[in-house]
């Protein structure tokens, strides 16, 4: 069998006496779009933070590209090609979209000021191409803080893409976005997967979105793995239905 790109094996994490994750296992193969769902407080974001190195796990193993990474720091994991986005955008509001893109370059070929003055560098062109990809090229010289929340999420997505990741963990990419922008975002996520070859693991509360986007879905509840399967299997799983109905 082909080795999964990401392999989370029996991971547990507690904060004091509160168990956030208990014996969580999941696999993501290269080229997949995989969903991670569950009621609020089910441990999804904690699992993301563990995968990318924001806090050490208490037990288990995390493998990426065949390398055990659970004790690595965030920067080392990012250099391997594994990045994440956040529920609340992390952009520089007083910088333009282009400046946000250029400051996100993993290895700038010259100083930031030199890049800003250049019109022909590879970094400048890559930034323009990705802003075009997410539909923000016309706003490249607008301050990021003046964008709508949905546009800020698209900018953050482009900022992650400029690092050329092999895999992205997206934490509620459609949360807070105007419904008219959601279909465009879904399309760009699919295109990033198909055209740029980026594997995606997506936390999402909008069930319509995740059912349309993911080919395989995991569901957490109370810090434990509740169910996994195809979108159709998850949609009809009574345990998943009960978990969501019980959350309201």
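The values are calculated or read from the model by the stated rules, or taken from the named source; none is laboratory data. Quick caveat: nothing in here was measured; it's all calculated off a predicted structure. Note: ideal-geometry Cβ built from the backbone for every residue, glycine included; neighbour counts use all protein chains shown.
Which one is modelled with the lowest pLDDT, of the residues in region 81-95 that are surrounded by fewer than 19 Cβ atoms within 10 Å (Cβ to Cβ) and touching a strand residue (DSSP E or B) at 6+ places or on another chain (Cβ under 6 Å)?
If we take residues in region 81-95 being surrounded by fewer than 19 Cβ atoms within 10 Å (Cβ to Cβ) and touching a strand residue (DSSP E or B) at 6+ places or on another chain (Cβ under 6 Å), then 87 is modelled with the lowest pLDDT.
Among the residues of region 224-248, what is the count of those that are in contact with a helix residue (DSSP H, G or I) (Cβ under 8 Å, 6 or more places away or on another chain) and more than 28 Å from residue 184 (Cβ to Cβ)?
Qualifying residue count, region 224-248: 3.
In region 195-212, what count of residues is obtained for those that are part of a helix (DSSP H, G or I) and either under 16 Å from the mean Cα position of the chain (by Cα) or over 24 Å from residue 51 (Cα atoms) (or both)?
Residues that pass the stated criteria total 5.
Being within 26 Å of residue 213 (Cα to Cα), part of a loop (DSSP other than H, G, I, E, B) and touching a strand residue (DSSP E or B) at 6+ places or on another chain (Cβ under 7 Å): is that true of residue 25 here?
In short, no.
Quick one: would you say residue 186 is over 27 Å from residue 163 (Cα atoms) and either out of contact with any strand residue (DSSP E or B) (no Cβ under 8 Å at 6 or more places or on another chain) or surrounded by 16 or more Cβ atoms within 10 Å (Cβ to Cβ) (or both)?
no
Select from region 126-149 the residues that are surrounded by fewer than 22 Cβ atoms within 10 Å (Cβ to Cβ) and over 17 Å from residue 94 (Cα atoms) and write down the one among them that is farthest from the chain's Cα centre (by Cα).
Going through the qualifying residues, I end up with 138.
Kindly indicate whether residue 155 is touching a helix residue (DSSP H, G or I) at 6+ places or on another chain (Cβ under 8 Å) and assigned to a strand (DSSP E or B).
No.
Which condition from (1) modelled with pLDDT under 95; (2) crowded, with 20+ Cβ neighbours inside 10 Å is the one that residue 107 breaks?
(2)
In region 29-67, which residue that is free of Cβ contacts under 8 Å to residues at least 60 places away in the same chain and assigned to a strand (DSSP E or B) is surrounded by the most Cβ atoms within 10 Å (Cβ to Cβ)?
Here the answer is 62.
On the basis of being out of contact with any strand residue (DSSP E or B) (no Cβ under 6 Å at 6 or more places or on another chain) and either at pLDDT below 95 or in the same structural domain as residue 8 (by TED's automatic domain parsing) (or both), does residue 200 make the cut?
So residue 200 does not fit the description; no.
Out of 189, 181, I need the residue that is in a helix (DSSP H, G or I), more than 16 Å from the chain's Cα centre (by Cα), under 21 Å from residue 152 (Cβ atoms) and assigned by TED's automatic domain parsing to the domain that holds residue 44. Which one?
181
Filter region 206-223 down to the residues that are surrounded by fewer than 16 Cβ atoms within 10 Å (Cβ to Cβ) and at negative phi and list them by number.
Matches in region 206-223: 208, 212, 215.
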